[in-house]
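Read the structure below first, then the notes.
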Amino acid sequence: MKKRGPIIAVSGIILVVISLSIAASAIPTNVTGPGDFFVSSLFEDMFDEISDEIQIMPDDSAHFSYTTYSSDVPILWGIQILDYQAGDELSITISNIFGDDYGTFIQDEPILFEVLQISQSDTLNLEIKNLGVNDVTIITMFSEDPENSEAFTNPDSPVMNMVVPLMVSGILLVLGIIVSIIGVIVILVDLKNNYDNKRNY
């Protein structure tokens with residue numbers, strides 16, 4: 001039997017292992033489980049303001065405000081439920097100090113991010129209501145003009161130090177899977193050819 005198939009398959013597996021190793025090295029060592037996954041900590045350089053943790057009981061609401069200092073820029077805002085459980089749900093209503101409505105958003109996942117386009121400096125008021133049956137602990141995050149934040153423009157920022165290796169890891173993972181599949185196909189083709197040759201003798 002020819003060895004090319006196993007060699008190709010093993011090469012693909014090695015690429016997958018390397019990609020997983022790169023991904024593991026890119027994740028901070030203090031993240032050991034879902035409960036430790038704080039977006040605000042992993043991407044802290046990206047946000048201009050991160051709130052303190054606050055607990056909201058069922059049917060209760062919490063209020064947050066954020067003042068923008070730029071005009072005609074996108075505002076990235078996000079909410080993370082730190083102790084998320086299935087069935088948790090939040091309603092987020094955003095308005096400004098003049099009573100203008102920026103919309104109501106429903107969050108039923110651990111993390112929600114949205115972008116608002118702000119035409120002038122403004123103060124955004126967030127009313128966050130707990131629609132679920134469990135107490136939830138949340139944090140809010142805000143970033144003005146996130147595309148031009150230092151987190152993305154500085155190649156030595158913690159965000160880039162994590163994102164770039166994860167991108168490389170993803171490419172290697174896909175490549176490794178493809179190479180492994182090709183190797184398996186080559187093995188099957190060689191086995192079939194070997195079987196056909198034996199039948200001809």
## Note on the structure
Exactly one of V168, V184, V189 is under 19 Å from the mean Cα position of the chain (by Cα), at pLDDT 70 or above and either under 30 Å from Q117 (Cα atoms) or surrounded by fewer than 17 Cβ atoms within 10 Å (Cβ to Cβ) (or both), and that one is V168
### Query
For S11, all conditions in the list (1) modelled with pLDDT of 80 or more; (2) assigned to a helix (DSSP H, G or I); (3) touching a strand residue (DSSP E or B) at 6+ places or on another chain (Cβ under 8 Å) hold save one; what is the number of the exception?
(3)
### Of all residues making up region 47-63, the number that are at pLDDT 90 or above and buried (at least 16 other Cβ atoms within 10 Å of the Cβ)
2
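The values are calculated or read from the model by the stated rules, or taken from the named source; none is laboratory data. Because the structure is predicted, anything quoted here is derived from the model rather than measured. Cβ coordinates were reconstructed from backbone atoms using ideal geometry, including for glycine residues, and neighbour counts include every protein chain displayed.
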